[in-house]
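One structure is given here, and the rest of the page talks about it.
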Amino acid sequence: MRLIRRSRPLHGWLTVLMLAVFTLTAAGCGNEQQAAGEAGAPPQGDLTLVVGAYSVVKDAMGEILPRFAEKWKADTGQTIVFQQSYEASGTQARAIAGGFEADVTLLAMEGDVGKLVKAGLVEKDWKQRGGEAGMVTRSVVALGTRVGNPKGIHDFADLAKPGVKVLYPNPKTSGGAQWDINAIYGAGLKRSEQQEGTKDPTVAKAFLESIHRNVESLDKSGRASMAAFEYGVGDVIVTYENELLARIAEGVKYEVIIPQNTMLIENPSAVVDKYADKHGTRAAADALVDYLTTPQAQEIFAKFGFRPVNQQVYAEHESQYPVPAGLFDISYLGGWEEVRTTLYSKRGIWYQVLAGI
């Protein structure tokens, strides 16, 4: 297609050239803005804070951030606005490590923050600088079924029954999926302890395999799995308890099953030190991470089904959160470094399950 006729005067050529440069520049800015999770022109204000988080906290943060902005305005007189991006936790961590300049991050698991530490973006002492040892929410791995629980699901073992269609996301992209896989594998270890008196990884692997054979699909994120389940895919979903409670509060009909042996989920937040210092947003970033554990923010997290880390708020809602007899945390599996090696390395148990070996 010919954009310029030969008979156009010189000033016409210059006008078209300037328009072309402007168009390319605007397109590039639009791409950068989209990478930060926003579309259109950059937000205006005295201070812009970039938040890169995992998808499950999106609704809660939609209420928390405006309240933090009000508090910041009252305390400092400064208007604060936000650029926000919500992705599967592993995807978000890789994006930040790859150059998405988030000032603050909320991720599904400590290991994803660890990736940012290794990338030189977050200081090693991040767990001492905010939250409850770096954590801002808790949950447990739970099972959600159709109303009336037509398949008779009562524990993880029931997911291996013939004809039961199971949903959980892909642990390569989703931190929530790693919690799910960890919980099933840990429940297998608990079974071996009960049957044999000792943890047996062979029994735990076989238990995970028996359930994975019934998995319908591996979605990108916990939110994607939930959307698929609500669309009608599968009989049971393995997910965060808070995801199910939040949807029930909105009127969706679910049965929530807390397995006897399941895993405590702990979700971190951290300042991305390198980017916050680069942008001059350190004070606001620190303040936001601190705000996430205040009673005001924790009440909002509780509204969306999370188990508060703030002890005062947790005590007020404790009756809503059953504690199963066999609840365990990441230390039962040896900690995150051990889990990454045992389950998710190139020759780890999870990949053996996927490969059928």
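Points to keep in mind about this one:
- When you count the other C-beta atoms within 10 angstrom of each residue and take the mean per peptide, 152-159, 141-148 line up highest first as 141-148, 152-159.
- Proximity of backbone amide H atoms, modeled 1.01 Å from N, is registered between Asp103 and Val50, Val51, Gly52 at under 5 Å, excluding neighbours fewer than 5 places apart on the same chain.
- FRET E, pair Ile248, Gln78, Förster distance 51 Å, beta-carbon r, rounded to 0.05: 0.85
- Rounded to the nearest 10 degrees, the angle from helix 201-212 to the longest Cα principal axis of the chain is 70 degrees.
- Principal axis dimensions, largest first and in whole angstrom, of the chain by Cα: 87, 54, 41
- Across Lys124/Lys278; Lys127/Lys303; Lys172/Lys205; Lys124/Lys274, pairs whose alpha-carbon gap is larger than 23 Å: Lys127/Lys303
- Cα pair distances in region 281-356, grouped into 5 Å bins until the bin that holds the longest one, percent each: 3, 13, 14, 11, 13, 15, 14, 11, 6, 1, 0
- Working from label points 7 Å from Cα in the Cα-to-Cβ sense, the Lys303 to Ser345 distance is 4.6 nm.
- Peptide packing for 249-259, 279-289 was compared via the average number of neighbouring C-beta atoms within 10 Å per residue; ordered from the highest value, the list is 279-289, 249-259.
- DSSP bridge orientation in the chain - percent antiparallel, rounded to nearest 5: 55
- Tilt relative to the chain, helix 58-76 - C-alpha long axis, 0 to 90 degrees, to 10: 60
- Within the straight-line cut-off of under 20 Å between alpha carbons, the lysines reachable from Lys151 are Lys161, Lys165, Lys253, sequence neighbours fewer than 8 places apart in one chain being disregarded.
- Alpha carbon centroid spacing (whole Å) that separates region 164-227 from region 146-161: 15
- Anisotropy class of region 268-324 from Cα gyration tensor, a/c 1.5 cut: prolate
- Region 103-190 pair-distance distribution - Cα-Cα, 5 Å bins, rounded %: 3, 11, 18, 18, 16, 12, 9, 7, 5, 2
- Looking at the chain, the accessible area is 47 square angstrom per residue; that uses a 1.4 Å probe and ignores ligands, DNA and RNA.
- From phi via Karplus (6.51, -1.76, 1.60), per-residue ³J(HN,Hα) for region 151-159 in Hz, x at Gly/Pro: 8, x, 8, 10, 7, 4, 4, 5, 6
- With Cα atoms, 0 to 90° folded angle of helix 10-35 axis to the chain main axis: 20
- Take 82-89, 104-111 and order them by the average number of nearby Cβ atoms within 10 Å per residue, most first; the result is 104-111, 82-89.
- Seen from every direction in turn and averaged, the convex hull around the alpha carbons of region 36-150 projects onto 9.8 nm².
The values are calculated or read from the model by the stated rules, or taken from the named source; none is laboratory data. Keep in mind that this is a model prediction, so the values were computed, not measured. Glycine also receives a Cβ, built like all others from the backbone with ideal geometry; neighbour counts cover every protein chain displayed. To get the accessible areas, we keep the full protein, side chains included, count just its heavy atoms, and leave off ligands, DNA and RNA. Shrake-Rupley method; radii C 1.70, N 1.55, O 1.52, S 1.80 Å.
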